[in-house]
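The values are calculated or read from the model by the stated rules, or taken from the named source; none is laboratory data. Quick caveat, the model's predicted, so the values are computed rather than measured. Every residue, glycine as well, gets a Cβ built from its backbone with ideal geometry; the counts of neighbours run over all protein chains shown. Just the protein is used for accessible areas: all its heavy atoms, side chains included, with ligands, DNA and RNA removed. Shrake-Rupley method; radii C 1.70, N 1.55, O 1.52, S 1.80 Å.
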Amino acid sequence: MASTTESASVTPLPTTLAFTTSVSVIGSAKTLTAPLFYVSPTQINFQLPFEVTDSAVNIVVNSGGSSATPLLLNVAASSPGIFTTNSAGQGAILHSATYAPVSTTSPAKAGEVVLIYCTGLGAVNPALASGTPTPNNGTLYNAAMPTVNMGGSNAVVSFAGLAPGFVGLYQINAVVPSIPTSSSVAVTVALGGVTSNTAIMQIQ
C-alpha cells in the first residue's frame, strides 16, 4: 500500500504520507481525499471524512503513481464501536473524576460518571472539518444521543460527541446504573438501529 511506514506527526492530519500514498473517497458527486493517521506496506489507517454524504463510496489507494482497484464501501449515518484495550475486550472506559482507566483494581461505582471512548457516532453539531482535532475550548461537538447498556441496564447518557484534542474520537459520558454484581459487565452502545461490539467494564 505504501513504500514505507509513516505516522502523521502534525494536525490537521495530512492527506499524503510516505511521499506518495493517499486515499481517495469517491462519491456520486465529489471525490474527497481522506486524512491519514498511518500508512505502511500492508495497512492504512484513515478517517472517513465527515463530508461524505453518499450511502456508498469507492475507496482507492494511490501510491507511487499507481492506483488500486476501487473498493466499494457502504456508509451508514452511524455505526458505533467501543474501543478496547486488550484481546479480552476491556473497554477504553475512564473514571470521569480522575481520567484513570476502569479496571479490576479500579472498578466503577453505581452513580459514577464514566467516559466511554468509541467511534462511528456520525455527524456532529457544530460541524468540524475532517482531519482537525476537536478544539478544547469549551465548545461541545454533539453527536446524536445513543443508548448505552451496562450489564443489562440502560445508563443515563449526559453527553455524546467528539473528545477534545483528538481527531475523530468520540466520547460518551454515562452514569453507571445500579447493577447487582461486583464483577465485569458487558457494555454496548446503540445508535440508529446499530449496536456496537461488546466491551467489558468492572463495576463494584
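Give the number of residues within region 1-19 that are open to solvent by less than 70 Å² (accessible area, probe 1.4 Å) and in a loop (DSSP other than H, G, I, E, B).
Summing the residues that are open to solvent by less than 70 Å² (accessible area, probe 1.4 Å) and in a loop (DSSP other than H, G, I, E, B) in region 1-19 gives 8.
So, S24, is that one among the hydroxyl-bearing types (S, T, Y), modelled with pLDDT of 95 or more, more than 18 Å from the chain's Cα centre (by Cα) and not in a loop (DSSP other than H, G, I, E, B) or not?
Taking the combined requirement at face value, the residue satisfies it.
Hey, could you check region 31-58 for residues that are closer than 21 Å to L169 by Cβ and β-branched (V, I, T) and say which is most open to solvent (accessible area, probe 1.4 Å)?
T33
Quick check, is A129 in a loop (DSSP other than H, G, I, E, B), within 30 Å of S22 (Cα to Cα) and either out of contact with any His (no Cβ under 7 Å at 6 or more places or on another chain) or in contact (Cβ under 8 Å) with a residue 12 or more places away in the chain (or both)?
Criteria met by A129.
Can you say whether S158 is in contact (Cβ under 8 Å) with a residue 40 or more places away in the chain, surrounded by 12 or more Cβ atoms within 10 Å (Cβ to Cβ) and either part of a loop (DSSP other than H, G, I, E, B) or of a type in the set (D, E) (or both), as far as the supplied structure shows?
So S158 does not fit the description; no.
Yes/no matrix, rows are residues, columns are (1) under 18 Å from V124 (Cα atoms); (2) in a strand (DSSP E or B):
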residue: P164; (1), (2): yes, no
residue: T188; (1), (2): no, yes
residue: N197; (1), (2): no, no
residue: M201; (1), (2): no, yes
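State which residue pairs qualify: first residue touching a residue at least 12 places away in the same chain (Cβ under 8 Å) and among the hydrophobic types (A, V, I, L, M, F, W, C) and inside region 93-108, second residue assigned to a strand (DSSP E or B) and open to solvent by 40 Å² or more (accessible area, probe 1.4 Å) in any location, beta carbons under 6 Å apart, and separation of 6 or more residues or different chains.
Filtered contacts from region 93-108: L94/P101.
State which residue pairs qualify: first residue touching a residue at least 24 places away in the same chain (Cβ under 8 Å) and within 13 Å of S24 (Cβ to Cβ) and inside region 52-77, second residue β-branched (V, I, T) and not in a strand (DSSP E or B) in any location, beta carbons under 9 Å apart, and separation of 6 or more residues or different chains.
If the second residue must be β-branched (V, I, T) and not in a strand (DSSP E or B), the pairs left are V52/V75; V57/V75; V60/T69; N62/T16; N62/T20; S63/T20.
Name the one entry in N173, N197 that is in contact with a Gly (Cβ under 8 Å, 6 or more places away or on another chain), touching a residue at least 12 places away in the same chain (Cβ under 8 Å) and polar (S, T, N, Q).
None of the other options fit; the residue is N197.
Please indicate, with yes or no, whether at least one residue in region 134-149 is within 20 Å of P107 (Cβ to Cβ) and out of contact with any Asp or Glu (no Cβ under 6 Å at 6 or more places or on another chain).
Scanning region 134-149, I find at least one residue that is within 20 Å of P107 (Cβ to Cβ) and out of contact with any Asp or Glu (no Cβ under 6 Å at 6 or more places or on another chain), so the answer is yes.
Quick check on this structure: which one of Q202, Q171 is under 16 Å from the mean Cα position of the chain (by Cα), among the polar types (S, T, N, Q) and open to solvent by less than 50 Å² (accessible area, probe 1.4 Å)?
It is Q171.
Only one residue in V167, V156 is hydrophobic (A, V, I, L, M, F, W, C) and over 29 Å from L48 (Cβ atoms), so which one is that?
Of V167, V156, the one residue that is hydrophobic (A, V, I, L, M, F, W, C) and over 29 Å from L48 (Cβ atoms) is V156.
With of a type in the set (A, V, I, L, M, F, W, C), more than 18 Å from A76 (Cα to Cα) and at pLDDT below 95 as the only criterion, which of I116, I179, I172 stands out?
Step by step, each of I116, I179, I172 is checked, and only I179 is of a type in the set (A, V, I, L, M, F, W, C), more than 18 Å from A76 (Cα to Cα) and at pLDDT below 95.
Quick one: in region 59-69, of everything that is open to solvent by 30 Å² or more (accessible area, probe 1.4 Å) and hydrophobic (A, V, I, L, M, F, W, C), which residue is farthest from L115 (Cα to Cα)?
Filtering region 59-69 for residues that are open to solvent by 30 Å² or more (accessible area, probe 1.4 Å) and hydrophobic (A, V, I, L, M, F, W, C), the one farthest from L115 (Cα to Cα) comes out as A68.
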